Structures are given as C-alpha cells and as structure tokens.
Amino acid sequence: METILSINNLNKIFGKKIHAVNNVSFEIKKGNVYGILGPNGSGKSTTLGIVLNVVNKTSGDFSWFNGSLETHDALKKVGAIIERPNFYPYMTAQENLELVCKIKNIPFTKVTEKLELVGLLDRKDSKFKTFSLGMKQRLAIASALLNDPEILILDEPTNGLDPQGIRQIRDLIRLIASQGTTILLASHLLDEVEKVCSHVVVLRFGKMLYEGPVDAMASNEGFFELQAKDSNALITILMNHNSVEKCVEEEGKVLVFLKNKLEADELNQFLFENQIVLSQLIKKKHSLEEQFLQLTK
Ligand code: ADP
Ligand code: MG
C-alpha cells in the first residue's frame, strides 16, 4: 500500500514544560480513514499543525509521499481544514469557491462537482452568511477538495454542530472516503472515530496509547498497570510475551496493552521467572475503549 504520510518520533515542546506531542510515530496509507483520537489538550491539533507546516516541530521527522516531494509541493496535494471555515460572507457559495479556484489555478468546472458532492449545489447562489454552521463546514470541505487532493485532513469536523449537521458531515466523510480519498481527522469523540474511521491513533498527554485498526481497539483485552525498579528491563521482558501488544511508560508506571487474554497471576509469574520483581500490578478491567470514554467524559 502506498504511504501518504509517515511520522517518526515527532516531538513538540511549547515553552519549557508543555510536551504537547511526545514521540509520536505512525503511518498513513492510501485509501484508509485515520482518526487521531484523544481528549482535549492531547496534542491532536499540534500534530496536524506540524505536518501541515504551520507549527514548528521540536524534534523528529515527518515525510509526505515517501519523501518524493518537498513539503511545500507535497502540501499542494493535501486538502486541510484546521480552523473554522472562513469565506466572504456577502459572496455566494459559488462565488467563494470560484475565488479559491482562481487563487489555486483550478478550472471553475470543479465548483459544481464539489458543491454537488457536499450536497450544496441547490444552495450555490446563497450568500455564505446565510449558511448554518453545518453548511459552512460542508462548503469548507468542498473548497478543500477542489484540487482533488490525495488526502483530506479535518480537525474536529463536527464540533459545534447539531445532531443533524453531525450526521451529514459523517456521511459526507464516508462518501469521500468511498471515492478513494485518504482521510485523516482529529476528534475527541470515540463514537465519531468508531463510526467513520478504519484506523486510529489514540493520544493522551501527547503520547500514543494505541495505534491500529479501529476494530482491534474495540475488542481490546484490557490492560495492566505495572511498576518495577527498572522500567526499561520490564518493558524488554514484556515485549517477549506473546499476549502483549504494546507497552507505554507513563509517570513511572508501565501500561501494558494486551492482544490476548492474560491473567494477573500468569503475568506476575512470567515476570518473576525473568528476574523482574513488581512493586505494583493492577489489572484494569476496562477495555481501552471504556477507559477512553472515562478519559473524555
Ligand atoms: P488537542 O488538539 O488534542 O486538543 P492541542 O494540540 O491543541 O491539543 O494542544 C496540546 C497541548 O499543547 C495543550 O496542553 C495545549 O495547551 C498546548 N498548546 C497548544 N498550542 C500551544 C501554543 N501555541 N502555545 C503553548 N501551548 C500550546
Ligand atoms: Mg484540537
């Protein structure tokens, strides 16, 4: 599968203290719908800002389209909406999009095509200021798609919308994805990511808790919270266990995510046999999904 974007050990530190993006790595493959899921303040927008060249990274790397293009040229193949849609209020939908075409050197015929796609063709002659928030958002999506980008990036696409508007945007995202456009969206709503995404990256305090297919997250076997003198040795041993999916170090504790069922006593014995003595072992009954719901309540 073709790689659209790869992010490697990306970090962003604001000022001296705020580690907004903490060693984040993931890949975006063509044709999938990715969600970056995390509570407010978890680093989603900062991550999007970095790959879109509007926020400077502190360290790490990202590359578009396998590094075949300079970021500036690569971004011409990216459609992104990371702020509230902003158009000229007294111009119509048609006029606003034609203006975008002029600036980006795109034929006007695209305007009709994209207005139809987002369900606004019958409102093409209405002024932007008469649109509901949901319609404004759909117009922004039409605008971002005018040049047929390889990937569409959306930051919290349904924020502030009423239930009907939310439904329309989610249906639209699925429609766009079904036509082959890769999508990356940031959301604090698990529900949204489950409904529209095929893959998810879960962030919390800037760190990745999970990365993989959405289905696998939903069927997660729960996780352990462990503590030992030497976290690195602990993680090395854990990664040799075939029930362990992933380990994340957080505030001196090691979170162990499972891919198969594993009981606390089994894990404890395994570690002891490998010369690791735990000072803490907690089996979290919650699946990652339930855990996430609690985090974002
Ligand atoms: P999310 O999009 O997941 O809600 P953000 O990426 O916006 O999270 O923010 C991540 C962290 O970085 C938060 O603690 C936020 O306060 C901080 N942050 C974001 N932008 C700035 C900035 N320009 N200056 C300082 N801190 C920032
Ligand atoms: Mg955000």
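The values are calculated or read from the model by the stated rules, or taken from the named source; none is laboratory data. Small disclaimer: the values here were computed from a predicted structure and weren't measured. Don't worry about glycine lacking a Cβ; one is built from the backbone with ideal geometry, like all the others, and counts go over all protein chains shown. Just the protein is used for accessible areas: all its heavy atoms, side chains included, with ligands, DNA and RNA removed. Shrake-Rupley method; radii C 1.70, N 1.55, O 1.52, S 1.80 Å.
Heavy atoms of the protein chains alone define the surface here; on that basis the range 129-213 has 35 Å² accessible area per residue at 1.4 Å probe size.
With contacts taken as Cα pairs under 8 Å at a separation of at least 6 residues, the range 223-286 carries a relative contact order of 47 percent.
State the antiparallel share, in %, of DSSP beta bridges confined to the chain, rounding to the nearest 5. Restricted to the chain, the bridges split so that about 65 percent are antiparallel. List, in the order given, every pair from 57/283; 57/114; 30/259; 16/283 whose Cα-Cα distance in the structure shown is over 28 Å. The pairs that break the limit, which is 28 Å between Cα atoms, are 57/283; 57/114; 16/283.
Between residue 109 and residue 73, 0.36 nm times their residue separation minus their Cα-Cα distance comes to what? Stretched fully, the residue 109-residue 73 segment lengthens by 10.6 nm.
With a ≥ b ≥ c taken as the square roots of the eigenvalues of the C-alpha gyration tensor of the range 90-155, please select rounded if a/c is under 1.5 and otherwise prolate if a/b is larger than b/c or oblate if it is not? Don't skip to the answer; put the middle values down first.
Working: a/c = 1.66, a/b = 1.21, b/c = 1.37.
Note, shape of the range 90-155 comes out oblate.
Shown here for the range 24-122: chymotrypsin sites (Phe, Trp or Tyr not before Pro) in loop regions (DSSP other than H, G, I, E, B) with at most 14 other Cβ atoms within 10 Å, namely 90, 108.
Nearest 5 percent is fine: what portion of the DSSP beta bridges confined to the range 136-279 is antiparallel?
75
Its alpha carbons considered, the range 223-286 gives a radius of gyration followed by a Dmax of 10.2, 28 Å. Pairs of Cα atoms under 8 Å, at least six residues apart: use those to get the relative contact order of the chain, whole percent. With pairs under 8 Å counted, the relative contact order is 20 percent. In summary, the aspartates and glutamates within cross-link reach of residue 284, defined as a Cα separation below 13 angstrom excluding same-chain residues under 8 places away, comprise 221, 225, 263.
Which loop-located GluC sites (Glu not before Pro) does the range 57-128 contain, where loop means any DSSP state but H, G, I, E or B and the Cβ has at most 15 other Cβ atoms within 10 Å? Listed in order of number, the matching sites are 70, 83. Give the carbon-plus-sulfur fraction of the accessible surface of the range 223-286 in %, rounded to a whole number; probe 1.4 Å, heavy atoms of protein chains only. On the range 223-286, the fraction of accessible area on carbon and sulfur atoms equals 46 percent. Apply 1/(1 + (r/R0)^6) to the Cβ-Cβ distance of residue 40 and residue 227, taking R0 = 22 Å, and write down the FRET efficiency to the nearest 0.05. Calculated value: 0.20. When the pairs 77/246; 195/253; 44/261; 102/129 are compared against a 27 Å limit on Cα-Cα distance, 77/246; 195/253; 44/261 fall above it. In a DSSP loop and with at most 15 other Cβ atoms within 10 Å, there are no trypsin sites (Lys or Arg not before Pro) in the range 137-223.
Put the Cα centre of the range 85-125 next to the Cα centre of the range 257-284 and the gap is 58 Å.
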